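A short write-up of the structure that comes next.
The values are calculated or read from the model by the stated rules, or taken from the named source; none is laboratory data. Everything quoted here is computed from the prediction, not taken from an experiment. Here the Cβ positions follow ideal geometry from the backbone for every residue, glycine too, while neighbour counts run over all protein chains shown.
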Amino acid sequence: MKKILLFFILIASIHISFAQRNVTLNDSISLNADIFLGVDSFGAIYYQKENIFYKKWNNQEWQFGDFILGELTQVSILNPLKIVLFYETSNTLVTVDKYLSEIDRVNFNVIAEFKNVSLMTPANDNSVWIFDNNTQQLDIFNTVSEKTLVTTQPLNELPKALQSTFNYCWVLTDQTLTQYNIYGSLLRQIQNEGYQNIKIFNNDLILQKEDGLYYYRTKIEEIEKINLPEIPIKQFHVTNEILYIYQQSTIYSFDLTPRKN
């Protein structure tokens, strides 16, 4: 018990220092979208318009939509060959391939392990992280077997954002930013200093506040303010070393790689 208490004391006492990070504007691209969802490693652009999910690449365009499912509330392009869509109204998750053709879907209302899902993000293999409102827990759920593989301890607050790699999941609440591994173990937790959204960049994070974006270097526990032009941020995304910001029908891309002196 003493070791457990010491662990959480260490987590609570993590000191975050602040610095500045300069970025370089690469390009700007016109896009007429309701929601910009990101750019994958192949350069394909994903967006949402009138509740239809679109992919644009090499002068070609694909789309997926099913109005029976209600509003499309979340999309993950972590694996562009197996994209995950979530419709909160119908409590349904849909997986599509690179051409946006449906692979499968899970209706959490009718499976044996009923779940009331509000947020999702991919895990490894055929699994996703989901937050179950009924249990207030974060689960790793296999979409093929429709079974829960891992369950965390109940969260004290409702999450406002989930982001993952294939090995970790970050949970943002009003009070904290917490990292879990694929075994459901809590790895680190820091206080939320007004962060509204998060994106993963390599093993680090890009954090959004009202006054802009911040770069969280997790290994050394340092947060750097990203020096950006005065562009209101409607949506943002990170792929490889590139930060994408969408505002007023334009996608701006910035190189996040520090310049060498």
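Any residue at all in the stretch 1-19 that's at pLDDT 90 or above and part of a strand (DSSP E or B)?
Within the stretch 1-19, the subset at pLDDT 90 or above is none.
Scanning the stretch 1-19, I find no residue that is at pLDDT 90 or above and part of a strand (DSSP E or B), so the answer is no.
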**OP:** Working only within the stretch 165-174, note down all residues that are surrounded by 16 or more Cβ atoms within 10 Å (Cβ to Cβ) and either of a type in the set (Phe, Trp, Tyr) or over 24 Å from Tyr216 (Cβ atoms) (or both).
**Re:** Tyr168, Trp170
Original post:
If you check Leu187, Leu177, Leu158, Leu162, which single one turns out to be surrounded by fewer than 17 Cβ atoms within 10 Å (Cβ to Cβ) and not in a loop (DSSP other than H, G, I, E, B)?
Top reply: Leu187
Original post:
Which of the residues that make up the stretch 193-220 are modelled with pLDDT of 95 or more and among the polar types (S, T, N, Q)?
Top reply: Gln196, Asn197, Gln208
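Where in the stretch 28-143 are the strands (runs of 3 or more DSSP E), entirely inside, with at least 3 residues that are surrounded by 16 or more Cβ atoms within 10 Å (Cβ to Cβ)? Talk me through it step by step, then tell me what you get.
On the way: elements: 35-39, 45-49, 52-57, 60-64, 74-76, 83-87, 92-96, 102-107, 117-122, 127-132, 137-142.
Output list reads 35-39, 45-49, 52-57, 74-76, 83-87, 92-96, 117-122, 127-132, 137-142.
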Original post:
Which pairs do you get when a residue that is hydrophobic (A, V, I, L, M, F, W, C), found in the stretch 134-160, comes within reach of a residue that is assigned to a loop (DSSP other than H, G, I, E, B), reach meaning Cβ atoms under 6 angstrom, with the pair 6+ apart or on two chains?
Top reply: Leu138/Thr152; Ile140/Ala123; Val144/Asn126; Val150/Gly184; Leu155/Gln136
**OP:** Using the structure shown, decide if Glu224 is part of a strand (DSSP E or B) and modelled with pLDDT under 95.
**Re:** yes
Original post:
Mind checking which residues of the stretch 190-201 are part of a loop (DSSP other than H, G, I, E, B) and either more than 13 Å from the chain's Cα centre (by Cα) or of a type in the set (Val, Ile, Thr) (or both)?
Top reply: Asn192, Glu193, Gly194, Tyr195
**OP:** Working only within the stretch 221-242, note down all residues that are on the phi > 0 side of the Ramachandran plot and touching a strand residue (DSSP E or B) at 6+ places or on another chain (Cβ under 8 Å).
**Re:** Glu221
Subject >> Qualifying residue in the stretch 41-59 (condition: of a type in the set (A, V, I, L, M) and touching a His at 6+ places or on another chain (Cβ under 7 Å)) >> reply: no
